[in-house]
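Down below is the structure, laid out as structure tokens.
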Amino acid sequence: MNRGFYLPVKNEYAVAIDIGTTKIVTLIGRIKKNNVLEVIGYGLAGCKGIKKGIVIDLNDATKSILNSIEAAEKATKMFVDAAYIGVTGKHISIINNSSEININNPNKVVRKQDLERLLSKANRINISSQHEVIHTLIKQFTVDDEKGIVDPVGLATERLGVELLVIYGSSTLIKNTVNSVKNTNIEIEDVILEALASSEAVLTPEEKNSGVVLLDIGGGTTDVAIYKDKKMVFTYCLPVGGDLITNDISIGLNIPFSKAEDIKKKFANVDYNFYESLNNVNMGDIKIDRNKATLNIKLYTIVDSRVKELLQLIKEKIESYGFMYSVPCGLVITGGVSQMKGLKTMANSIFNLPVRIGAPIDTEGPSEVVNDPIYSTSVGLLRYAFQLKKFSSVEQFEEKNASLRSRFRDFISRILKS
Ligand SMILES: Nc1ncnc2c1ncn2[C@@H]1O[C@H](COP(=O)(O)OP(=O)(O)OP(=O)(O)O)[C@@H](O)[C@H]1O
Ligand SMILES: [Mg+2]
């Protein structure tokens, strides 16, 4: 494969790489004039060397990433020299930070420099030297005691405040992910949290505004994000995903992992009504293949308990942070496991909230990409990449303060140099 023969990806396009536990996706796309994201080509490759969102074998990970990049290059006839990449894993943590300053100018009106002063004060966050900030998201501004201000510039007030959601992770683990991509000889444009990316791809503005929980259940991780009043207010990564379900099937039915994976995708169903129907048929209808029915019940029992456990763990987490009653739009589930039959019914009964299964929205491109929940993270990475490229106003959800930005750039360049 002669990668160098293609022309570099043009300026109006961006490249995103989703480094998942089971697969790597490279997407190349652009934002069209009507604000719709257009995916013009993609590369999908199986993944080795990544587990639960983190690199466990650098060479294997790099090879898988390269396979995916090369497939995307072949599809678009473009040469990828830089990309936005996703990070996740249980090392990701959050801090809520708020800060306030007095507005001292004679008119008592918030100016741009006041905003910068406030944000740089709010950004003095105590995290250990083993951690790095990935995002600083603005939840809201306050002027005097008035909350929910989107852009305070020009408003009159005595005091200006801000509430931030700071997302950070282990420097070493992020560095490993960055290096696995860097070893393919491409530049890293930025690192984006996968939960944030998936949310960007599948949640509607209305859901984000009213309050919603996003679950991206992949092969090795379940990424959680909660939105309220248009902003992300919480995120969490549970290092459990579909691989664990497959593993249980493999052990329970005494079959190899790959066979268990096939059976899971084709036959697993966690809807209680399905189980009931199996029982009824098994008892009443003598024409039914009893072995098949017994096997189905066994499969149901294994998968049901694993998926229930996963959803219960998430529910407990959400409850412990007090968000259960502030998410009227309920749950939007995406990622490969969202295709599990009966999942919607089960999640609905566990959370007692509305549930929908989400795939990318407002996206054009190959139908196998834009309609499939396994592409939510990569589509969202691409969408978010364009928002970062815009760098526009502070009313955007991410803080674009120059000092912070350079701090992050420092972090990336330190990683790249070391
Ligand atoms: N129809 C289906 N029913 C049940 N599970 C499914 C189905 N299709 C895919 N999956 C499961 O989805 C998982 C893969 O999902 P996805 O591609 O979102 O994960 P990933 O991005 O590689 O991993 P992660 O995000 O956890 O690092 C696998 O466990 C796979 O078995
Ligand atoms: Mg994933």
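Among the numbered conditions (1) in contact with a helix residue (DSSP H, G or I) (Cβ under 6 Å, 6 or more places away or on another chain); (2) farther than 25 Å from residue 194 by Cβ, the only one that residue 164 does not meet is (2).
Taken as a whole, the condition of being in a loop (DSSP other than H, G, I, E, B) and more than 16 Å from ligand 2 (Cβ to nearest atom) applies to residue 361. Annotation: residue 279 fulfils all but one of (1) of a type in the set (S, T, N, Q); (2) away from ligand 2 (no atom under 16 Å from the Cβ); (3) closer than 28 Å to residue 359 by Cα; the unmet one is (3).
Taking the conditions (1) at pLDDT below 90; (2) not assigned by TED's automatic domain parsing to the domain that holds residue 155 in turn, residue 123 satisfies each one other than (2). Step by step: first the residues of region 204-223, then only those that are away from ligand 2 (no atom under 13 Å from the Cβ) and touching a strand residue (DSSP E or B) at 6+ places or on another chain (Cβ under 6 Å), then the one that is nearest to residue 339 (Cα to Cα). Which residue is that? Only one residue tops the list, namely 213.
Only one of the numbered conditions (1) touching a Lys or Arg at 6+ places or on another chain (Cβ under 8 Å); (2) surrounded by 23 or more Cβ atoms within 10 Å (Cβ to Cβ) is violated by residue 29, and that is (1). For first residues located in region 104-118 and within 8 Å of residue 153 (Cβ to Cβ), partners that are surrounded by 10 or more Cβ atoms within 10 Å (Cβ to Cβ) and not aliphatic (A, V, I, L, M) and lie 6+ apart or on another chain with Cβ distances below 6 Å form the pairs 110/152. Tell me, which residue of region 237-258 that is exposed (fewer than 14 other Cβ atoms within 10 Å of the Cβ) and in a helix (DSSP H, G or I) is farthest from ligand 2 (Cβ to nearest atom)? The qualifying residue farthest from ligand 2 (Cβ to nearest atom) is 251. With respect to (1) at pLDDT 95 or above; (2) away from ligand 2 (no atom under 16 Å from the Cβ), the lone exception for residue 33 is condition (1).
The values are calculated or read from the model by the stated rules, or taken from the named source; none is laboratory data. In this text, all values refer to a predicted model and were calculated from it rather than measured experimentally. Backbone-built Cβ (ideal geometry, glycine too); neighbour counts: all protein chains shown.
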